[in-house]
Amino acid sequence: MKLEGSVIFKKLPRDEHSRSLQTTISVEGLTRVFGKDPEKTLKLRNTGRSKEEIYEETKEILALYNVSFEVMPGEIFVLMGLSGSGKSTLLRCINRLIEPTSGRILIGGEDIVGMNQDELREIRRRKLGMIFQSFALLPHRTVLDNVAFGLEIQGIPEEERYRRGEELLRMVGLGEHGASMPSQLSGGMKQRVGLARALAGDPEILLMDEAFSALDPLIRREMQDELLDLQQRLNRTIIFVTHDLDEALKLGDRIALMRDGEVVQIGTPEEILANPGDAYVEQFVAGVDMTKVLSASDVMRRPEPVARCTAGSRVALHLMEEHDIGSVFVVDRERRLKGIVTLDDTLEAVRAGRGLEEIVITDVPTVAPDASLTDIISLIAESPYPMAVVDDDSRLQGLVFRGAILGALARKRGDVDEST
């Protein structure tokens, strides 16, 4: 049950326990050399030569070197790095648009590196969807035909593929544009078509290569929100390539930061920001707006004291006097939040012999545990009460106070001595 007038922010659930122990994608020792003599290139790398030094000597490009990582079911795994770091090459190796020089790529336990073209085609058809930066729409076909194109290639009957295409267009907010041509769409609309087309074959895995980087900032943020919303409904495994740190922090369950064809650190956004692995990572994440990274669960305190709705007004008054506070939250037996009572209202209720249910204020803002501080700050600034953190069943998880937010931001910036 939602409280009247409440505001609940929800992002993609990140429950590690809900994931299967089976990895969806496992990359092991992946290496890619662009050139005629990869053995020489790798020998030079093994002696400690840098990517630049190898190129100066051999004119060969060591695009990827000994890359290993795993992606779990339902995870958004972000590959991030500067231009030339190897992130897009790595993504294309995963579906073998680029052939690896060595290493293994396991998808659902099957090594696709050793597959022949027929086997690879079947894996792509059943398990992989690709979304490009450049939209890659067919200009002479309608929007609906673009979405249904992959199904047409698979030999799906026209009625079924159009039904599926129309369903996906509605899902991405383009239900009225099936008859339009790509030239009639904005950039954001074209990328929505690309997303719908990638989903048409119901793939387990989406590979997204700088999918939103060509869009204007406002449209880009809208597409990021759209992706998170779709992920919450569809629960796909996504590998997302970006050079934008804010985008990586917003979308990623985990981030792999790349440099010169190698992965230098893998972790959650919080882990990478709080514990950068080396000076390169530290420089990369310097200046990040922590209000977009820290969440309610990072700064909330235990929700004590609280009053049961079955308790009388005198009990609530005693709690406020005992803890020297001006209000107390009210919960039911299952700790579902019912609202808040103030000191003045409770004093009046005690004098008049009224119960808590008669004075509880239900119109209080709430946030989910993973709501960002950006969301919380705007709400708590307008509220006379602490911010209540509730789960999907409206159970009270914690309270956020203004001072806790300021303290957390100060600690992250190194302004507070942790030893004090």
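Applying a threshold of 29 Å to the alpha-carbon distances of Lys59/Lys87; Lys40/Lys87; Lys59/Lys127 flags Lys59/Lys127 as lying beyond it. Each Lys or Arg adds one and each Asp or Glu takes one away; over the other residues whose Cβ falls under 9 Å from the Cβ of Arg336, this sums to +1. For segment 296-411, a/c is not less than 1.5, where a ≥ b ≥ c are the root eigenvalues of the C-alpha gyration tensor, and a/b tops b/c. That puts it in the prolate class.
Note on the chain: Rg/Rh from C-alpha atoms, Kirkwood Rh, equals 1.07. Taken about its Cα centre, segment 16-288 carries a charge dipole of roughly 500 debye when the Cβ of each Lys and Arg holds +1 and the Cβ of each Asp and Glu holds -1. Taking other Cβ atoms within 10 Å as a rough exposure proxy, Glu262, Glu247 sort from fewest to most as Glu262, Glu247.
Test of understanding: extend the Cα→C-beta vector of Asp37 to 7 Å, then name every residue of segment 54-92 with backbone N under 14 Å from that spot. Within reach of a label on Asp37, which here means backbone N under 14 Å from a point 7 Å along Cα→Cβ, segment 54-92 contributes 54-61.
From least to most packed, judged by other beta carbons within 10 angstrom and beginning with the fewest, Arg302, Arg141, Arg259 follow the order Arg302, Arg141, Arg259. Rounded, prolate or oblate: which one fits segment 164-279, using the alpha carbon gyration tensor with axes a ≥ b ≥ c (rounded when a/c is under 1.5, else prolate when a/b beats b/c, else oblate)? Verdict is prolate for segment 164-279. Averaging the sequence gap over all C-alpha pairs within less than 8 Å and six or more residues apart, then dividing by the number of residues, gives the chain a relative contact order of 18 percent. Positive-end ranking of Phe149, Leu230, Gly175 along the dipole of the chain, with charges on Cβ about the Cα centre, is headed by Phe149. Run the paramagnetic zone check for Glu348: 7 angstrom along Cα to Cβ, then residues of segment 356-392 with backbone nitrogen under 13 Å. The answer is 358-361, whose backbone nitrogens lie closer than 13 Å to the label point.
Charges were assigned to the Cβ only: +1 to each Lys and Arg, -1 to each Asp and Glu. The resulting dipole of segment 158-221 about its Cα centre is roughly 260 debye. In this calculation the C-beta distance from Glu119 to Asp392 is compared with R0 = 51 Å, giving a FRET efficiency of 0.75. Which shape class applies to segment 80-170: rounded if a/c is under 1.5, otherwise prolate when a/b exceeds b/c and oblate if not, where a ≥ b ≥ c are the square roots of the Cα gyration tensor eigenvalues? It is oblate, given that a/c is not under 1.5 and a/b is not larger than b/c. If only the Cβ of Lys and Arg carry +1 and only the Cβ of Asp and Glu carry -1, the dipole of segment 296-411 around its Cα centre is close to 280 debye.
Read-outs throughout are calculated quantities, based only on the coordinates presented, and are distinct from any laboratory measurement. Note that the structure is a prediction, hence the values are computed from the model and not measured. Virtual Cβ from ideal backbone geometry, glycine too; neighbours counted across all protein chains shown.
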